[in-house]
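Here the structure comes first, spelled out in C-alpha cells, and everything after it is commentary.
The values are calculated or read from the model by the stated rules, or taken from the named source; none is laboratory data. All of these numbers come straight from a predicted model, not from anything done at the bench. Every residue, glycine as well, gets a Cβ built from its backbone with ideal geometry; the counts of neighbours run over all protein chains shown. Just the protein is used for accessible areas: all its heavy atoms, side chains included, with ligands, DNA and RNA removed. Shrake-Rupley method; radii C 1.70, N 1.55, O 1.52, S 1.80 Å.
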Amino acid sequence: MFDTIIHAISELGYWAVLSALGGLVLGVIVGAVPGLTASIAVAILLPLTFFLPATVGIGFLLGVYKGAVYAGSIPAILINTPGTPAAAATAMDGFAMTQQGKAKKALHMALFSSLFGDLFATIVLLSVAAPLAAIAIQFSAPEYAVLFLASLVLIATVSAGDSLKGVLSAIAGALVGCIGLDSLTVAQRFVFDVPELLGGVPLVPLIVGMFALSEVLIQITSPLSEASAQISRTVGPPLQRKEALKCLPTLFRSTSIGTFIGALPGLGAEIACWVAYGIAKQRSKNPQEFGKGSLEGIAAAESGANATVPATLIPMLIFGIPGDVVTAVLIGAFIAQGVTPGPLLFTNHASLVYGLFALLVFTNIALIFVGLLSIRSFSWVVRIPSSVMMPAVVVIAVAGAYSIGSDPYDVVIMLIGGVLGYAMRINGVPIPPFIIAVLLAPQFEKMLRQSLSLSNGDFTIFVSRPISASLLAGFVLFILLLVGKAAWSKRRAALPL
Amino acid sequence: MAHNKKAADRRVALASILTAVVVVIVVFQTINVVDYHDPMAPSFFPLLLAYLLFACGLFLAIRTWSSHAAELQDHDDEAPRPRFGRGVLGALALVLYGFGVFYIGFWLASFLAVLGLGWLLLDRDATRRFMGLMLVMGIVLPWVVALMFDVFAGVKMPLGWGGG
C-alpha cells in the first residue's frame, strides 16, 4: 500500500496541487459568504472539472468542499450569521466571544479545531478505506440492494425535520431516476417521445437548479429583515497554546463523533456540529459557559463538522453511496472522468484514489496558511450581501449547465430543477433525499431485480445470505434505536418540569 | 421555511397522491408487458415506488387532517411574511434568462439578468448602494465566465440570433 501511496504522490504533478490550493481558497471565499454553501459551490463548479485530468478536477472540488465547510465559521463568529449550515453551532459561542472583544481567539480556535478534525478523519479514511473495499468486493446483488435501501431510508429519515417528508422526497427522486431506458430490458419509461430523456435526467443541471437557483428564489422571497452587519473593531488577543491544549479531550471526542456521523449516509456536518456540541456541553466541567463564549463549544462544533468532510468520502469511494449532496456531486465528477466509485476503485484506479488522499492531507496543511490569511483579510467578504452574490451564482450556473453538452436541454432541466427545488423548500420537503435517490435508484433497482431473478422472485434471499442478513439486521437495529430515542425525547419533553 | 406547516403538509400530501396516481396511469398506458408486477418487468420498480408514494402521501394527509389545528400551526403573525409575488417574478426572470441566453446571446441576457435579479434581491437602500457594483458585475462577469469556460472547457457561450 505504501508503494502505491508514494507512486500516487509522485504522479500528482504541480497542476493537481495548485488546483487543490485554488479550490481551497475559493472554498474559503464561498463559505464566508452567508447563503453560499459548499453544495452550491461544488455543484456550479463541477462542469469545469469535466475537461480537466481526474486528480486536477476532483482535487479542485475537494479543496472547495474543505474550504467552504471551514470558512462558514468566519461570518458565524464575526457577524452571528453562519456562512454554511454546519457553522450554526459555532455562532453560539463564537459571536458571544466577538461581542466580548475576543474575536481573534474564537477565529483561531475555529481554525485549529477544523484542522484537527479534518486531519484526524483523513487518517481514519486512509486506514479504513482499503480494508473496507477489500470486504466490499465480496458483495453481490442482494448485499448491494440491502445497502442501497438502508442508505436511502437513512438519508430520507434523518436528513430532515419531518421524516415522512424526507421519505416522500426520496421516493419522488427514485421515480425521477426511473426516467429513461430500463437497464435490464431497454424498455422506455416516462420518456414521452422526448429523445433527450432516453439517457435519463442529467444529474448535474438538476442539482445546480435545485440548490443554487432555489436558493436565489428563497432569497428573493425572504422578508427584508437583514440587520446590517457590523464587525467588531476589537479583535482581542490571539489563542494561547494553553487554551488550545485544554480543549484537546473535547477535540478528540468531537472529532470521533464527526467521523462516525460523516461515514453514515445522510448525516452530514450540519448534524455532526450539533451532536458534538451537545455532548461536549454534557461532558464539560463548565457547561454554564456554553453559549456565552466557550472555547470548548467552538472546538466541539468545528472539529465535529470538519471531521465529516473526509468521513463522507468513505461510503462514496467504497460503495459508491453518496453520504450527502457534495459527495453526490463528487460521484458525478468521478463518472465524468470515466471512473466509477466502488470497491474496484482501489484496485483499478489506486493511484487516483491515493493521489486524492494525498491532496486531502496537503489541503489540510495549506488550510493553516489559507485560514490564517482569511482571518486577517477576508473580513470584507462577510460584508458582501448574499443578495449581491446571487446574480453571479445564476450566471455561473447557467454557463455551467450549458457547458455540459452545449445543449439548451440542460439549461431547461436546471430551470425546472430550480422551480421544483423552491417548491419543495417552501413546503418543508428536504432536497438531499431527492437528489441522492435520483442517483441511487437506478443502481438499487438493478440490484433488487437481479437479486429477485436469482431467487425466482423470493424475497427471503435478503435474509438467507449471511452478509445481507447482517446488514439488514444492523440497519433495522439502527432505525429502531433512532425511533426509540425520538419517542423517549418526546416523552421526556412532555413530562411536567 | 414553510410558513404554515399544516397548509404545506396538505399541499405535499395532495401532490404525492396525485403524482402516484399519474405514475400508475402512465406506467399502464406506456409500458407494454404481460405481468406488470413481475420483478423482471420494467414496470415493477416504478409501480412499487408509486404505491409507496401513494401510501406515504395518504398517511401524511390523514396525519394532517386528523391532528389538532394548533399542533401543526407554526404561523407567527408577528413574523414577516415571505414575498411570494417577488418569488413569481424571480422564477419568471430565471426562465426568461434561461431562454434569453439562446435568443439574445449569453452576454446581453446575463447583463439583464444580473440587473433584474439584483433589483429583486436588494431593498431600495441597498439597490442604490450596490447599483454601481451590479452594473460593473453585469458587464464584467459574463465576459469572465465565458472566457473561463472557453479556456478550461473549450465551450463557447451562445451568441444568440445575431451570431448563432
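Excluding ligands, DNA and RNA, what is the accessible area buried between chains A and B, summed over both sides, using a 1.4 Å probe, to the nearest 100 Å²?
5600
Please compute the average number of Cβ atoms from other chains found within 10 Å of each residue's Cβ in peptide B:85-93.
5
Too long at a 20 Å Cα-Cα cut-off: which of A:K66/A:K246; A:K165/A:K281; A:K105/A:K242?
A:K66/A:K246; A:K165/A:K281
Evaluate peptide A:437-444: per residue, the Cβ atoms of other protein chains within 10 Å of its Cβ; return the mean as an integer.
Mean number of neighbouring Cβ atoms from other chains: 1.
What does the protein assembly as shown give for Rg and for Dmax, in Å, if only its C-alpha atoms count?
Computed over the Cα atoms of the protein assembly as shown, radius of gyration and Dmax are 24.5, 76 Å.
How would the stretch A:233-368 be classified by its alpha-carbon gyration tensor: rounded, prolate or oblate, with rounded meaning a/c under 1.5 and the a/b versus b/c comparison settling the rest?
Prolate, since a/c reaches 1.5 and a/b exceeds b/c.
Roughly how large, in nm² to one decimal, is the mean projection of the convex hull of the alpha-carbon atoms in the stretch A:312-413?
Mean shadow area of the hull around the Cα atoms is 8.8 nm².
Grab the Cα-Cα distance for A:H7 and A:E289, subtract it from 0.36 nm times how many residues apart they are, and report the gain in nm with one decimal.
96.6 nm
In peptide A:182-194, what is the residue-averaged number of other protein chain Cβ atoms found within 10 Å of each Cβ?
Per-residue shielding by partner chains comes out at 4.
Taking the square root of 5 times each eigenvalue of the Cα gyration tensor, what semi-axes in Å does the equivalent ellipsoid of the stretch A:256-299 have, largest first?
So the three semi-axes of the stretch A:256-299 are 22, 9, 7 Å.
Under the definition of Cα pairs under 8 Å and six or more residues apart, what whole-number percent is the relative contact order of chain A?
27 percent.
Could you state the number of Å between the C-alpha centres of the stretch A:329-360 and the stretch A:86-146?
Between the Cα centre of the stretch A:86-146 and that of the stretch A:329-360, the gap is 20 Å.
Given the stretch A:118-160, report the % of alpha carbon pairs whose separation exceeds 18 Å.
Value for the stretch A:118-160: 52 percent of Cα pairs lie more than 18 Å apart.
Per residue of the stretch B:53-60, what does 6.51 cos²θ - 1.76 cosθ + 1.60 with θ = phi - 60° give for ³J(HN,Hα)? Whole Hz please, x for Gly and Pro, Karplus curve as stated.
Listing the rounded values in order: 4, 4, 5, 5, x, 5, 4, 5 Hz.
Is it possible to state the helix-based mean residue ellipticity at 222 nm for chain A, with each DSSP H run of 4+ residues giving -39500 (n - 2.57), the sum divided by total residues, to the nearest 500 deg cm²/dmol? What is it?
Result for chain A: -24000 deg cm²/dmol, rounded to the nearest 500.
Using amide H atoms built 1.01 Å from N in the peptide plane, name the residues 5+ places from B:A41, or on other chains, whose amide H lies under 5 Å from its own.
none
For the stretch A:322-376, with all protein chains present and a 1.4 Å probe, just round the carbon and sulfur fraction of the accessible area to a whole percent.
The C+S portion of the solvent-accessible surface of the stretch A:322-376 is 67 percent.
I need the per residue convex hull volume for the stretch A:386-481, using only the alpha carbons, in cubic angstrom as a whole number.
Value for the stretch A:386-481: 184 Å³ per residue.
Sorted by packing (mean other beta-carbon atoms within 10 Å per residue), highest first, where do A:94-103, A:365-374 land?
Highest-to-lowest ranking by the protection proxy: A:94-103, A:365-374.
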